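Each value in this text was obtained by applying a stated rule to the coordinates, not by laboratory testing. Please read all numbers here as calculations on a predicted model, not as lab measurements.
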Amino acid sequence: MRSDPGICRLRQPKCRSQEEFAHEAGLHWTHVSDLERGARNLMITVVNNLAAAPDLTVGRLLE
C-alpha cells in the first residue's frame, strides 16, 4: 500500500509535529516523514501503530 499526503492531513489539524505524532504512534519521526513523502510503503503494522495515536482510527487513515 502506497502512502499519500493523507497522513500529513490527519496530523496537522491538531498542529502536531512529525516528532509528536510519531511518538504518539510509537514510530520514529523519520518513518513518519518518509511516509508523508511517499518514500516508504505503508504496511498494515504501521497503519495499526498510526491508529494508536489519539483521535485516529484505521478507517480515517485509509479514507
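Sequence gap at least 6, Cα distance under 8 Å: using those rules, report the relative contact order of the chain to the nearest whole percent.
On the way: 68 pairs, mean separation 23.8, N = 63.
Relative contact order of the chain: 38 percent.
Ignoring everything except DSSP H segments at least 4 long, calculate the 222 nm mean residue ellipticity for the chain; use -39,500 (n - 2.57) per segment, divide by total residues, nearest 500. Mind dumping the intermediate values first?
On the way: 5 runs with 35 residues, N = 63.
Helix-only estimate at 222 nm: -14000 deg cm²/dmol.
At 4 °C and a viscosity of 1.567 mPa s, what translational diffusion coefficient does Stokes-Einstein give for the chain, taking Rh as the Kirkwood radius over Cα pairs? Give it in µm²/s as a whole number. Kindly include the intermediate steps, with their values, before the conclusion.
Details: Rh = 11.2 Å.
Rounded to a whole number, D works out at 116 µm²/s.
Between Cys8 and Thr30, what length in nm is gained on full extension when 0.36 nm per residue of separation is reduced by their alpha carbon distance? Present the calculation step by step, with values, prior to reporting the outcome.
Numbers: separation 22, 0.36 × 22 = 7.92 nm, distance 1.32 nm.
Using 0.36 nm per residue and subtracting the Cα-Cα distance, I get 6.6 nm.
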